Structure formats: structure tokens, C-alpha cells
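Engineer: Can you keep this structure in mind? I'll have questions shortly.
The values are calculated or read from the model by the stated rules, or taken from the named source; none is laboratory data. Predicted, not measured: the structure shown is a model, and the values here were computed from it. No Cβ is skipped: glycine too gets one built from the backbone with ideal geometry, and neighbour counts run over all protein chains shown. Note: accessible area is taken over every heavy atom of the protein model, side chains too, but ligands, DNA and RNA are not part of it. Shrake-Rupley method; radii C 1.70, N 1.55, O 1.52, S 1.80 Å.
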Amino acid sequence: MGCCMASRQSFDMASRQSFDPTRYTDATSLFDALAFTVEGLHPVRLVRMSWLLQQRGTVLKRRQELPEEAFVSAGELRAIWEASGRGGEWDKVAPIITISFCWDSREHPDPNGVQLSLVIDTLEQERHKYSRGNGSFKGFSDMGVFWDWPSLLQGDPDKADEAKAAALRQGKTQKDAQKAADEAKRTPAEKAAFKHGLQETMDLWYAHQATTVLLLTQHPRERGSERECGYDQSGWTTYERCSAEQIKKVYRYQAKWNPVADLGGGAGVTKARRRWPVGPDEFDRLIEDRSFTNGADWEAVKALFRRMSRAQLGGVTILSFDGMPPPTPAQVAGLAGCLRLCARLEKLDLNNCNIGDDGAQALAKALPSMPGLQYLYLARNGIGDDGAQALAKALPSMPALRRLYLSSNGIGDDGAQALAKALPSMPGLQYLDLARNGIGDDGAQALKSALGDICDDVLVL
């Protein structure tokens with residue numbers, strides 16, 4: 001969605017979505033949303049990638065004016081996914097790309113086709129990755145692209161202008177004339193379908209673990225627009241980016257492309273990948289200095305993000321941040337805010353993140369909120385005794401934990417002894433990796449004594 005799209009008043013914060021723990025992880029929720037109709041209309045349609053690649057040098061028309069061959073149906077997209085091995089056993093990726101961008105004008109989001117050219121350049125560069133099979137992922141023969149202008153039912157500017165002119169001729173005020181224009185630009189069926197698309201599906205295209213999100217973060221002024229508000233200053237694009245970065249993996253193991261990519265101002269996906277996630281409390285603070293066309297949207301977007309966060313974090317079972325750059329204190333707080341909502345989480349991978357003792361202490365405070373966690377990966381994180389002691393205090397609140405990886409850190413005897421004290425309260429622990437730390441004889445003996453007869457089966461030093 002763009003920061004200049006028609007007012008977000010259509011977002012009803014009392015959405016009727018019921019909680020579905022698989023909504024943001026199972027690709028079938030995406031296909032079901034595409035197949036759904038309202039008064040005979042699909043609220044959302046995805047543009048066929050192979051068709052989009054042929055549109056260089058053009059300006060995209062609104063959805064209602066595009067030919068049928070521009071779109072890929074829910075049934076065909078599901079078949080593409082099935083033929084790919086359902087996105088692969090490990091990645092479970094969907095053949096869906098979402099575009100997050102700013103509108104360059106109120107009348108048209110990309111009036112000169114500049115952003116279209118950037119998207120085409122990127123898709124041409126990346127498409128061989130989408131189609132390449134690897135292991136259980138067999139590759140996609142085509143993909144669907146969610147881009148709000150051709151995917152949602154847009155208003156008819158001619159009908160809007162006629163209604164506004166008629167209202168002015170009747171002596172109505174500019175405000176009332178504009179209201180008449182807004183009412184006339186969509187048919188009743190289009191309004192109902194458009195409303196459903198915004199209320200019931202918009203979170204899916206950005207937040208779902210299986211979609212790929214391309215961020216067009218170039219400032220509009222750099223491509224000739226008169227807009228003052230850029231991607232990073234817009235409230236709605238901030239919502240889109242934070243939604244996309246909450247539960248997606250950093251890397252895909254068989255589908256060899258980034259789940260989230262910042263395109264910056266040029267083709268390709270090399271400028272940046274995803275950032276550390278933020279929770280709803282951190283998002284509330286972040287959004288305060290962002291710009292909205294409609295001032296009332298501040299509170300609406302906060303509520304929308306909080307609802308979405310609770311739903312997707314509350315349902316996710318696997319989170320992987322392996323290889324993310326070292327987090328700042330603010331990013332650690334954001335991660336902890338997310339983890340406190342992960343009541344169903346079973347696997348958390350933070351290997352190779354260098355979170356340090358501060359990060360381990362923040363993590364320890366969030367661990368009791370994840371009683372079902374079975375696998376915790378914290379190797380190569382610069383965790384010392386202080387971090388290990390904090391983690392040790394939290395471990396008794398994790399009855400389901402089976403495997404704990406703490407290798408290649410800086411844990412010494414004090415940290416090892418603290419962990420040893422926690423072990424008797426963890427009868428389900430099957431594996432504890434503390435190799436390549438600084439643990440001496442005292443720490444090793446404490447661990448071996450705590451584990452007793454099962455020490456050789458469980459402990460790696």
C-alpha cells in the first residue's frame with residue numbers, strides 16, 4: 001500500500017477475523033483469500049509476474065482497466081505451489097510477491113512508470129531464483145504479485161469528477177462535493193469488495209511467513225514526484241515494513257532469495273534485507289513521528305498493528321533470526337516485545353547474532369512467555385557469565401525445552417554453575433551444547449553432577 005492511497009478510513013478496527021494460529025504460516029490462507037468473492041467480485045487479485053515483465057515502458061492502469069490475462073487466479077496459483085513441492089519442506093514459501101511503496105500522487109501511484117521499471121528490473125534479475133528447484137523445493141513456473149493499484153478495486157476518476165462537478169453546480173460546498181466524488185467513484189459492489197480487501201486480507205500479503213516482500217524505499221522526490229513524505233516518513237509504509245519483518249525468516253534454505261528485500265533506488269535486492277522485528281509497544285513509539293494523510297490514522301494503525309502482531313506472533317511455531325546483524329538496545333527491546341507474544345513458539349533460532357549479555361538478559365525476561373519452546377539456539381552470540389546467569393534463572397519456567405545450544409560463547413565457570421543449578425528443574429532436556437566456551441574444571445564438574453547418569457548423553461563441552 002502507498003502512503004498516498006485513498007484514506008484508510010475503510011479499515012474497521014472491529015474486524016471480524018477469528019483467531020487462526022495458522023493464518024500467517026500456512027499458504028492455504030493466502031489462496032483462500034484470493035478465491036473469496038464479495039457480491040461476485042474478488043476483493044484482491046494478483047498480477048501475473050510473467051505479464052508484468054512485459055509492461056516495461058508503460059504506466060499501469062487501475063485494476064478494472066487491465067485485461068484478464070494480467071491476473072493469475074487462486075486456483076492456478078495454488079497449482080503452481082503444489083507443483084513446487086508446496087514451497088519446499090523447509091521454507092514453505094508461496095509464489096506471491098508483495099510490493100510495499102509510496103504513491104507518487106493522489107491520482108496515480110506511479111504516473112511515469114518509474115517504480116514499475118524498478119520492479120521489472122528486480123524481477124528480471126531474481127526470476128531465475130524463483131524458478132530454480134533445490135531439494136524439496138521444485139521451483140515456481142510463475143508467481144503472483146500483490147500491488148495495491150492493480151490488485152484492489154480502485155475508484156473511477158471520471159465518475160468522481162462528474163459527481164463533484166454536479167455537486168458544485170448544485171451549490172454544495174467543496175467538502176460536500178468531495179464527499180459526493182468519493183461516493184461515486186466505486187459501485188456498491190466495488191465498495192463492498194474493496195472494504196473486505198482492506199479489512200480482512202491486507203495483513204496477509206505483508207506479514208505472512210510465506211510471501212516475499214519488496215520494499216521500494218527510494219524517496220519520491222528522487223524520481224520526480226512533488227511528495228514531501230518519503231517511504232521512511234510514512235505511517236502506512238512503516239506499518240507494512242514492520243509487518244513484513246516480524247516473523248519471516250532471515251534466510252531461506254532451498255528457495256534461494258530473501259523473504260524481505262529493500263530495493264532502495266536501484267534494481268536488485270542488495271541494498272538491505274530485513275531488520276529486527278518490533279512488537280506493538282515499540283511500534284506505538286516508532287509511529288509517533290510518522291506522517292499520515294489522515295491524522296486520525298495514527299490511532300487506527302496502532303490498533304491494526306497490535307491486533308495483527310497478537311495474531312501472527314501468537315500463532316507462529318518457528319522463528320529464525322540466524323545471522324542477523326548485532327542488535328542495538330532498542331532492537332533487543334523490540335525483539336523481546338515480540339517474543340512475549342509467542343505463546344505457541346516451539347523453535348527459536350538466534351545463532352550468529354552477537355546479542356551479548358544485554359541481549360541474553362532481555363531474552364531471559366521473555367522466555368517465560370514461551371512455555372512450549374522446545375529448541376533454543378544461541379550459539380556464537382558473545383554471551384558471557386552475566387547472560388548465562390540470566391538465562392539460567394528463566395530455564396525452570398520452560399518445561400518443554402529439549403535442546404539448548406550455547407556453543408562458541410564466552411561462558412565461564414560462574415555461568416556454567418548457574419546453568420547447573422537450573423538443570424534439575426528441566427527433566428525434558430535432551431541436549432545441552434556448551435562447547436567452545438571458557439568453562440573450567442569447576443563449571444564442568446557442576447554440570448556433570450547436576451546431570452548425573454545422563455551426562456554423557458546430554459552434555460557437550
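Engineer: Using a simple spin-label model with points 7 Å from Cα along the Cα→Cβ vector, what separation in nm is obtained for T317 and D142?
Structural biologist: So the two model labels end up 3.3 nm from each other.
Engineer: Next question. Taking 22 Å as R0, compute the FRET efficiency from the Cβ-Cβ separation of D161 and E39 and round it to 0.05.
Structural biologist: Efficiency computed from Cβ-Cβ geometry: 0.30.
Engineer: Once you place label points 7 Å from the Cα toward the Cβ at R62 and N354, how far apart are they in nm?
Structural biologist: Each label point is offset 7 Å from its Cα along the Cβ direction, giving 5.0 nm.
Engineer: Which label marks the calculated value of semi-axes √(5λ) of the Cα gyration tensor in Å, given the options (i) 144, 28, 22; (ii) 47, 23, 19; (iii) 36, 23, 20?
Structural biologist: (ii)
Engineer: In the full protein assembly as shown, how much of K191 is accessible to a 1.4 Å probe, in Å² to the nearest 10?
Structural biologist: Using a 1.4 Å probe on the heavy atoms, I get roughly 70 Å².
Engineer: Report the gain in length on full extension from Q54 to E299: 0.36 nm times residue separation, minus Cα-Cα distance, nm rounded to one decimal.
Structural biologist: 84.2 nm
Engineer: So how much slack lies between T187 and K256, counting 0.36 nm per residue of separation and subtracting their Cα-Cα distance, in nm? Can you show the working numbers first?
Structural biologist: On the way: separation 69, 0.36 × 69 = 24.84 nm, distance 4.28 nm.
Net length gain for the segment: 20.6 nm.
Engineer: Ranked from the most accessible area to the least, with a 1.4 Å probe and all protein chains present, what is the order of W149, W90?
Structural biologist: The ranking, largest first, comes out as W90, W149.
Engineer: So how much accessible area does H42 have, in Å² to the nearest 10, using a 1.4 Å probe?
Structural biologist: H42 exposes around 60 Å² with every protein chain in place.
Engineer: Hey, what did the chain get for relative contact order, percent, Cα under 8 Å, at least 6 apart?
Structural biologist: 13
Engineer: Sticking with this one: Taking 0.36 nm per residue of separation and subtracting the Cα-Cα distance, what length does fully extending T328 through I454 add?
Structural biologist: Working: separation 126, 0.36 × 126 = 45.36 nm, distance 3.87 nm.
Full-extension gain reported as 41.5 nm.
Engineer: Turning to a different aspect of this structure: Which order, highest average first, do 418-430, 343-355 follow once you tally other Cβ atoms within 10 Å for each residue and take the mean per peptide?
Structural biologist: 343-355, 418-430
Engineer: Sort the following peptides by mean Cβ neighbour count (other Cβ atoms within 10 Å, averaged over residues), highest first: 402-413, 314-325, 54-65.
Structural biologist: So the peptides 402-413, 314-325, 54-65, ranked by packing, come out 402-413, 314-325, 54-65.
Engineer: Work out the FRET efficiency for H219 and E124 from their Cβ-Cβ distance, taking R0 = 22 Å, and round it to the nearest 0.05.
Structural biologist: That pair, H219 with E124, gives E of 0.40.
Engineer: Would you mind working out the accessible area per residue for the stretch 392-461, using a 1.4 Å probe, and quoting it in Å²?
Structural biologist: That works out to 48 Å² for each residue.
Engineer: Calculate the FRET efficiency for E107 and K347 from the Cβ-Cβ distance with a Förster distance of 45 Å, rounded to the nearest 0.05.
Structural biologist: E(calc), rounded to 0.05, equals 0.45.
Engineer: Right, next: As a test of the formula, what do you get for the chain when each DSSP H run with n ≥ 4 contributes -39,500 (n - 2.57) and the sum is divided by the residue count, at 222 nm and rounded to the nearest 500 deg cm²/dmol? Please list the in-between numbers first.
Structural biologist: Details: 18 runs with 177 residues, N = 461.
Helices in the chain give a 222 nm mean residue ellipticity of -11000 deg cm²/dmol.
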